[in-house]
Every structure is written in structure tokens, then in C-alpha cells.
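Read through the structure below, which is laid out as C-alpha cells, and then see the notes.
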Amino acid sequence: MTRGWRIHTPYGEHELCLASGLPIGSTVADSATTEQLWRTCEWEVESLDPEVLVAVLLLDRELGAGPVSLTGGPEDRFAVHRVIQRLKHAVAAGTLVFAKVTQTRASLSVVPGVPALPPPPPAPAPPEERTSWFEVLVVDEIGEPIDGVEVVLRQGESELTQTTDGSGKARWEELPGSFASVSFGDVSQLRDILHARWQQIREGMLPDVPDLEVQPLREAMERVAVTCEEPKTIAVVPRVACVRLIGMYFDLGKCFLLPNAMAGLVRVKELTAGYPNATLLVVGHTDTKFTPPNGEEYQARLSRERAEAVAAFLKDDVESWYKWYEFDSWSQKHWDAPEDRHMLRSLPVGSSEEDRFLRDGVAIATAVQDFQRADGGLEVDGVVGPNTRRALIRDYMNHDDTSLPPSVATETHGAGWFFLDLQTPPNTEEERNRRVEIFLFDGPVLPPCPGPYATDGEPEYWEWRRRAQTTYDFSKDGAQLWSIRLRLHDALRRQMPNTWCRVSGTGWSQVEMSDGEGWVDFDVPQPPNQLRVQWGAADASGVHPYELTADFNLDAGADREQQAVKLRNLGYPNTNDVEFERAARAFQHDYGLDDEGLSADGLLPDGTLQELAAIYGDRSCDAAGSPRDPLRWPILGEQIEPA
């Protein structure tokens, strides 16, 4: 064969070489194997290993390219990327192929009348197949090892199972290949071990270790990629989310849930759909404004009553709400005409989303008659009696599609004024402290709820807050959330699945984990223009390895600014004309485009615009990128419709 580039993979040893130089009988990789082999080649060349570079440059010369000068400076990466793009096109065209490396036996033909040549020396013995080891360390959310769980390593079609030892390690020796994946053999066994730990209040935090993969505990755990002779740490953490309704979601002294709470409760239902073993813990809070007599007792009871009202709303429990119309122990808490009016103002007339039964210019008696007539089973008398009130409650609970499945369990807890969101003196009204928090557990509430009412210094509440991976805040005005979607990449252009990502705006931040393809979704409290995005495992000081200021207003400004924003989001920083052209050229090189630089009007040429449109249009963000700045790596930000 002609000079080629030899690589070792789980598919065996292959050589990338010219198709025209293959000996007869050579085994050529099929298209699927070729795709995997080429990906390995791209990873190898990113290291700028001298031996790999020599092979790459020799192949480039075989294709007829001119000499490439490497200086040892930062421009080398651009030169090598151009070479890789040429090789990639040659592989796609079939000019270069991956041939299986095999040992062939020498043969000799004897021609009559010609003296036979001496036989060649015997062929050297084939080298022994290189073997290596794989190792994983399984720990919990504070870094304590998890022993006695089955971990399954898969290579191709073969599977090998090991049980973690007392230090949480599982290790496989003398295996071929460089890559494999691992998963947990018995998730129920893992769940039993961790649930026993999570019953308790725990101190500590996950340490910063190299090659860390964080996985929330769920029914179907994701497979984790591992590399030979590089220990992988898998941290299994609780799967908990929290939705907070902050501010005026209740009238003073009452537990009736006002209409502006619906956006938050819709989000609760959406989240619950992804939790097959969902349990909701609803925690009510009050401020420090006491109502004498028995002020503290009153606040404690009110906080739990509000939690119970939210739980009943989500479960369509009409009778739990109706009892407040007959409540007389605390007259201030009694429901009556004001609650009727809230529901009539909220409920739409028929299929209309604009008209409500009670609206400007419509008398309350007329609104009641219209509702009774629309119900079809009520007496149309304009009087809000028991049957009409039950029907109002039923429709109020149902019309915004917030009802939870019967399988979802709920618990309630009255926290009173013990856990203030904003510290205030006694006897102070503060909207942020009048709130309801809904914790969503994928399994039982852990640590368990200590009782119906909180006590001063109760540790369970802070443990629930600490374990919540994601928190959604809804303000008193019921502001809509805006959905954004990002795709995370590392410095080798690889998607980053199951990776923590933080987005931050003015006065808020959210943390989410990407899915198996590197996508991560956020719901943010206002339409974003720019957000700070950080991703990857943070070090002990909280610094993430990757960071980007992502622009979401993709259509603002002239064409030039729109193009600059899209390039910046993909990891090509530019703030002036010179940097814009440099970013365009880098993007064109990385994506294998025929365009060079800018068009005559100073904008991106058509081919480059089409490539950008494809990336942002189908939200794939899958092309190469450039590793020249690992802190600004391809990340796709997109503003879509309000959630």
C-alpha cells in the first residue's frame, strides 16, 4: 500500500491510504465503520502529536497538495484543519479508504530458465494484540463511594459485568480496544442503596475530580462512555426539581389560589410527566406579619392551608376547596363572593379564550346565569349555591390543564415564617416571603417530611433545597417563562451529554443537565438578549471550564450584526471588522466551505450564509467548530415562543 495513516480502534487496526494503491484482496471498511474510524482520526489529530501530523501531511502530499509549513505557533491549528478538511473530502469521495491491516504470507514464483532467488527471510511474528484496562468509580452526591452495585461494560456486542468494591471501583483488565461504555446492571439495587442514604441529612459536596460524569438517579440510567486507562467517576445524585410561587398568589389571610398562579402549576405538570415515580411535596410559607391573637399559630396553620389548597388544585379535589365556603372557625379565612368572582373572571365562555363569564359591563348575577346555562346541569337562577360553587371549582381546576395523574402522590408541609426568602424584622409584610414551593421527587420525599408543621431550625427543608437540581421561580404577576435551548460541546468538538450547565441573567440563575445528545433546555423569566452560559464540572472555587456570553436576539440590527451574533454563538468571537473577517474565515475552514472571507459588500458570502441557516434552522449545531479557545466553544442559543 502507499504511505498511509495507521490507527488502532475497537474495529481493529486500519490504515487510511489511497484507494488506487490497494493490493488485490485488501479488506476495505464499509460506510458505517468508515464514519467511526474517521471520527477517531479527527480526535487523534487534535492532539497535534508529531507522529500523527507526519502521517497526515504525507497523505495530504499523496493527494497532490502542496507543502504545509508548521511553525509551532497558534496558526498551526488552522493549517492542520485545512489539511483535515481535504482528507475528509477525499474519504467522502472514495479517494482515500480505510483498509484492514492484516499479515500476508510471502510467496515466490519460479520462472523456467531463470535461477531461483533465495527465499526471503521468514515474516516476523504478528505483534500481540494490545490490551488495556478500564476503570470506573461510582460515588454519591457528596463523593462517598457506592459499593456492591453491578456495572456492565459493553464493547461492541460483548458485555462484561463487575461489582463495585468497598471503594466504589469496578475494573476490567486485559481488554482490547480503546473505547467502551458502561451502565448499571440493576438500577433498583442502586436505588435501594441510595434511598437508604438519602433518608438522612447529609453534609459535604461533590469533590472536583477529573473525568466526572454526574447522573441523576432515574429508572433508565444513561450509558456512559469510557476510555481505556483513563478512570471515569460516575456520581449518582438525587433527582429533585422545585417550582416556587412567590408573591401575591393568595388574598390576605386566605388560601384561595389566584388565577395568576396557573403558569407555575402548568410547569409543575410538565415536569411531572418526566418523573415516572413522582411525589410532590408542597411547602407553604408566610411572612412575619402576625395577626393577633395567636399570631404565630395562625401563620403556621395558614402556610399549611395554602400548601393543601395547591395540592388539592393539582389533584382536582373539589371537596377540599368547597369546605372553605363553610369554614367559620377563622372568619377571615372564610370563602364567599370574592372567590366566586375570581373564578368567573378566569373561566372562558365556551371555546373563546378572550371572553370571560364575568367581565366589564356584565353584572355578577348575569355572569352566574351564563355559567349555569353553559354548564347544562345547573338550575339557571343567578344564585351561587352549593351546586354552582362546586361546578365553578371543578371548571376552575380543569380549564388550564394543570391536573396531575392519579398516580402522583402529594404531601404538604406548613413552614410558617421559619424560612424567609428575604430576611425582615418581626411583624413585617414582604411578598417574597409569602410563597409556596413545590418539590418534585422522582420517588419518595427524602429526607422524609418531619410532620405537618415546621419547627425553628428544622434541617429537612434546607436539605430539600440543596438537593433540587433545578428551581423555577414564578413572580406575583404570573410572568411568562421563555424557553431557550442550547447544545454543549467540548474542546474536541464533541457533544457533551449529561453535563451541568448554568445560565445567568440579572438577579437570577438556573442549572440544568444536558440530555444524551448535549441539548439542555431552560425556561427563563424574561425574553433574553444576552445570557452568561457556563458548563462542565466546576472546580472547588465554582469555576466552570467553559463559558460563553450567548446572544439570543438573533434578528436585531443590520445583516452584518446578525451574522456576527450567529458566529459568536458558535464560538467565533468578533467585535470589529477585522475580527469579523477572521471569524468568517475560521468558520469556513472548519466547516469545509469553498467560500473564502467576505463578499464584496463586507458580508458573509452565500455558501457561508446557507451553512449558518442550516445550523440555526434545524437546531443541529453539529459541525466542527475550532479548538483555538476552549472557553468559547460552539453553543447554539435560540429564543423560541413563550412557554
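The values are calculated or read from the model by the stated rules, or taken from the named source; none is laboratory data. What you are looking at is a predicted structure, and each value in this text was computed from that prediction instead of being measured. With ideal geometry, Cβ positions are generated from the backbone for all residues, glycine too; neighbour counts draw on all protein chains shown. Quick note on the areas: whole protein, heavy atoms, side chains included, nothing else; ligands and nucleic acids left out. Shrake-Rupley method; radii C 1.70, N 1.55, O 1.52, S 1.80 Å.
Answer with one residue from PRO259, LEU245, LEU190: the one whose Cα lies farthest towards the positive end of the charge dipole of region 178-267, charges on Cβ with Lys, Arg +1 and Asp, Glu -1.
Ranked along the dipole, the leading option is PRO259.
Leaving ligands and nucleic acids out of the surface, order ILE615, ILE364 by accessible area at 1.4 Å, largest first. It would help to have the intermediate numbers written out before the result.
Values: ILE615 5, ILE364 80 Å².
My answer, sorted largest first, is ILE364, ILE615.
Can you classify region 168-213 as rounded, prolate or oblate using the Cα gyration tensor, where a ≥ b ≥ c are the square roots of its eigenvalues, rounded means a/c under 1.5, and otherwise it's prolate if a/b beats b/c and oblate if not?
Values: a/c = 3.32, a/b = 1.65, b/c = 2.01.
Judged from the Cα gyration tensor, region 168-213 comes out oblate (a/c at least 1.5, b/c at or above a/b).
How do ASP577, ASP147, ASP370 rank by accessible surface area computed with a 1.4 Å probe, from largest to smallest? Kindly include the intermediate steps, with their values, before the conclusion.
Numbers: ASP577 110, ASP147 75, ASP370 50 Å².
Greatest to least solvent exposure: ASP577, ASP147, ASP370.
For region 244-344, which whole percent of the accessible surface, found with a 1.4 angstrom probe, sits on carbon and sulfur atoms?
On the way: 1830 of 3600 Å².
Carbon and sulfur together cover 51 percent of it.
Quick one: grab the alpha carbon gyration tensor of region 173-288, order the square roots of its eigenvalues as a ≥ b ≥ c, and give me rounded if a/c is under 1.5, else prolate or oblate depending on whether a/b is larger than b/c. Intermediate values should be presented prior to the final figure.
On the way: a/c = 2.96, a/b = 2.57, b/c = 1.15.
Prolate, since a/c reaches 1.5 and a/b exceeds b/c.
Given a 1.4 Å probe, how much area per residue of region 180-293 is accessible, in Å²? The partial results should precede the final answer.
Values: 4290 Å² over 114 residues.
Heavy-atom SASA per residue in region 180-293 reads 38 Å².
What full-extension length gain, to one decimal in nm, is calculated for ARG130 and LEU422 as 0.36 nm per residue of separation minus the Cα-Cα distance? Mind showing how you got there, number by number?
Values: separation 292, 0.36 × 292 = 105.12 nm, distance 6.16 nm.
Length gained between ARG130 and LEU422: 99.0 nm.
Simple spin-label model, 7 Å along Cα-to-Cβ: THR161 to THR95 in nm?
Each label point is offset 7 Å from its Cα along the Cβ direction, giving 5.1 nm.
Can you tell me what the convex hull of the Cα atoms of region 241-322 projects to on average, as an area in nm²? Show your work: numbers first, answer last.
Working: hull surface 24.1 nm².
Mean shadow area of the hull around the Cα atoms is 6.0 nm².
Which entries in the list LYS269/LYS289; LYS232/LYS566; LYS289/LYS333 go over 27 Å, if you measure between the two C-alpha atoms of each?
Values: LYS269/LYS289 32 Å; LYS232/LYS566 35 Å; LYS289/LYS333 16 Å.
Those over the limit are LYS269/LYS289; LYS232/LYS566.
Counting only protein chains, not ligands or nucleic acids, how are ARG306, ARG191, ARG373, ARG171 ordered by accessible area (probe 1.4 Å), most first?
Working: ARG306 10, ARG191 65, ARG373 135, ARG171 90 Å².
From most exposed to least exposed: ARG373, ARG171, ARG191, ARG306.
I'd like the accessible area for SER351, computed on protein heavy atoms only with a 1.4 Å probe and all protein chains in place. Round to 10 Å², please.
Near enough 110 Å² of accessible area.
Can you list the residues, at least 5 places off or on another chain, whose amide H is less than 5 Å from the amide H of TYR546, using H built in the peptide plane?
It is TRP535, by chain and number.
Please work out the C-alpha center-to-center distance from region 314-383 to region 415-474 and express it in whole Å.
31
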